[in-house]
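Since every read-out is calculated from the coordinates, none of them should be taken as a lab result. Since the model is a prediction, treat every value here as computed from it, not as a measurement. Don't worry about glycine lacking a Cβ; one is built from the backbone with ideal geometry, like all the others, and counts go over all protein chains shown.
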2 protein chains.
Amino acid sequence: MHRITFRCWLLPSIVFCSLWITPVAASDPLPSWNEGLTKRQIIEFVHSVTAPGGPHFVPVSQRIATFDNDGTLWSEQPAYFQLQFSIHRTRQLAGSYPEWKNTQPFQAALENDLVALTSGNYRGFLALTAATCGNLTVSELHSEVAAWLKSSRHPRFKRPYTDLVFQPMLELLAYLKGNHFSSYIVSGGDLEFMRAWAPRVYGIPPERIIGSRLKTQAIKRDGKPALLRLPEFEFFNNASGKPISIRKVIGRRPIAAFGNSDGDLQMLEWTTTGSSQRLGVIIRHTDAQREWSYDRKSLIGHLDKALDKAAMNKWTVVDMKRDWRVIYPFQLKR
Amino acid sequence: MHRITFRCWLLPSIVFCSLWITPVAASDPLPSWNEGLTKRQIIEFVHSVTAPGGPHFVPVSQRIATFDNDGTLWSEQPAYFQLQFSIHRTRQLAGSYPEWKNTQPFQAALENDLVALTSGNYRGFLALTAATCGNLTVSELHSEVAAWLKSSRHPRFKRPYTDLVFQPMLELLAYLKGNHFSSYIVSGGDLEFMRAWAPRVYGIPPERIIGSRLKTQAIKRDGKPALLRLPEFEFFNNASGKPISIRKVIGRRPIAAFGNSDGDLQMLEWTTTGSSQRLGVIIRHTDAQREWSYDRKSLIGHLDKALDKAAMNKWTVVDMKRDWRVIYPFQLKR
């Protein structure tokens, strides 16, 4: 688009030629993605399913794409950002619960013991989240998350956590939206934690955010109906939970899915075993300098089986170091 | 629209006047609704929230309307149509379960004892549904529902059950769609039972259908991932379940809600206690001749507390006999 506009001013007489001959090259929908196989596979998939009359054309209503959140749309190190929020909540509440100093998982949270909190299929993390992010109405939780996002800073980048979204993925979301896809977040994260910021940051509306759910009770507060989050999980939206909640909420099989860990394996299998053309994408964290580098041995964003399956199933593997020109929006040259 | 077209042919010279002076009267969006307060309240609400720059304008993204299904969008007598399907499934499977002849709720189903099945907050109905509509993959259930809809006939009208949708409500759905509302079904019915036919019949896509859910398991079937419905309810989407699932799935508060029974009371309260202009509507079954007449004493579609609240909260009460010119699409004069 920029090139065309530029020529309009300088060389108005050749604008028509330029418009007809190089429409694709003239507007790169993914400027923060380096040229190469990965970018080509994504763009070719989108062209293929949106080409009217083409053999792989997919009607707009079925253009569903699902995205994991932690490690796929934003960073997740040194620990899931939502875990950082749960630790913050633990500290905030600890004055009223002196016994937490010697009780797990609260003790681990107060001591910032991230390994203890993320071992054993996140048992500590989940228990901590239920206890510290439950017993609040939905609106109260949203206020707490908003206040925390405003005051907290990421330990490495010294910036608000919401600054650490991936610029290439923001471009991908916009590119898919421009091609009339409906993009959903399908994350293990707490549904309402995400809804407190993701609509603004990603442009994904609340009805397209699927996450883990706490049991919820309809109550009256000041005579008006309110929704109270109970301190107990109803559904952990990870691994095989992802295809299940995709079916229950969306009721359609996605044609594209994006993840970064073994928790996304079943979502990618569910998506790519559909009968028409499908796109499965794994974001691989390979850039220790600009972001982090981790996979098979990491507790956070553990990527092992899904990496083997990616090779078997010809899923696209994004190598962050090789494929991404820029990681975060604040690194863009204006 | 018809009046304009008519004048075009007869009196082309006054077409412009007609277009400018009576644009609203010229195209009635709800032709199967009789003129009167009810119709006026609905149309005035839609005008009010869609008038650009008006004091009650609501952006498109927040134009959410929720509809109960049984008794609100289609009939529910002599018993919920989904219960008829569960009874059909019981008969279909009974050969393999000889003990069902003497075991409740199967015995009641085999004896067509609708009262036993719908007493006690639908306990028998729910147990029957879990047992006969569980133990199937989602695709298998859809096939079973499709086959049943094709072969079964409503006992009174001798027509497919899907013929018994309310023509005035189809017009209302189309009217809201034309005004860029997103309409959702929020029903106590089984989510997948509804998805098997409601998208085609109402034009509501699967991602806007919210219902009761069976527990579901991700399995492999012939080496491919499949979703197995377990014979156990995960969530009964009725009464206070409705605002809870509206929050969990949509994440926005509706600005309009339509129901017909006490099971819709909490959804209507949740909707109409929002801060901006809201519409709460109760469909009241008052037409024994053309449909059915029932309310406070009926087990099916029990309407008692919600009727009292409707008066207190100034909800619109649709009197089917008075307000609807036509009940079913097949009664329309072509």
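Quick rundown of the values:
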| item | result |
| --- | --- |
| Nitroxide proxy distance, nm - points 7 Å out along Cα→Cβ at B:Q331 and A:E232 | 4.7 nm |
| Within a Gaussian network of chain A (alpha carbon springs, distance under 10 Å), most fluctuating of A:R208, A:R153, A:R284 | A:R153 |
| Set of lysines with alpha-carbon distance to B:K333 below 20 Å, sequence-local pairs under 8 removed | B:K158, B:K321 |
| Of B:L93, B:L136, B:L176, the one that fluctuates the most in a GNM where chain B has Cα springs shorter than 10 Å | B:L93 |
| Nearest-ten-degree value, helix A:37-50 long axis tilted from longest Cα axis of chain A | 80 degrees |
| Chain A, relative contact order in percent, only Cα pairs under 8 angstrom and at least six apart counted | 21 percent |
| Per-residue ³J(HN,Hα) for segment B:222-227, Karplus 6.51 cos²θ - 1.76 cosθ + 1.60, θ = phi - 60°, Hz, x for Gly and Pro | 6, x, 10, x, 9, 10 |
| Pairwise centroid distance, computed over Cα atoms, of segment A:233-295 with segment A:303-334, Å | 14 Å |
| Loop GluC sites (Glu not before Pro), segment B:94-202, which have at most 16 other Cβ atoms in a 10 Å radius of their Cβ (DSSP) | B:E111 |
| Cross-link pairs beyond the 23 Å C-alpha cut-off, checked among A:K220/B:K248; A:K150/A:K224; A:K215/B:K215 | A:K150/A:K224 |
| B:W324 long-range amide H proximity, modeled H, under 5 Å | B:N34 |
| Nonlocal amide H pairs with B:S152, under 5 Å, H built at 1.01 Å | none |
| Simple label model, 7 Å out from Cα along Cβ direction - A:A51 to B:T103, nm | 5.7 nm |
| Per-residue HN-Hα couplings for segment A:287-292 [Karplus 6.51, -1.76, 1.60; θ = phi - 60°; Hz; x = Gly/Pro] | 10, 5, 7, 8, 9, 9 |
| For segment B:186-274, projected area of the alpha-carbon convex hull averaged over all directions, nm² | 6.8 nm² |
| About the Cα centre, charge dipole magnitude for chain B (Lys/Arg +1, Asp/Glu -1 at Cβ), debye | 580 debye |
| Note, ³J(HN,Hα) from phi for segment B:259-269, Karplus 6.51, -1.76, 1.60, rounded to Hz, x at Gly and Pro | x, 9, 8, 4, x, 9, 4, 5, 5, 5, 5 |
| Teacher prompt: A:H180 distances to equivalent labels in other copies, 7 Å Cα→Cβ, nm | 1.7 |
| Expected 222 nm ellipticity per residue - DSSP helices of 4 or more, -39500 (n - 2.57), all of chain A, to 500 | -11500 deg cm²/dmol |
| Kirkwood Rh, angstrom, the protein assembly as shown [1 / mean 1/r, Cα pairs] | 27.5 Å |
| Nearest 10 degrees, 0 to 90: helix B:81-93 Cα axis against chain B principal axis | 20 degrees |
| Among A:W33, A:W324, A:W100, residue whose mean-square fluctuation peaks in a GNM of chain A (springs only between Cα atoms under 10 Å) | A:W100 |
| Minimum Cβ-to-axis distance in chain A for the rotation onto chain B, with residue, whole Å | A:V249, 3 |
| Across the identical copies, how the B:G36 labels are spaced - nm, sorted shortest first, 7 Å along Cα→Cβ | 7.0 |
| Distant-in-sequence amide H partners of B:V318 (H built 1.01 Å from N, under 5 Å) | B:I282, B:I283, B:R284 |
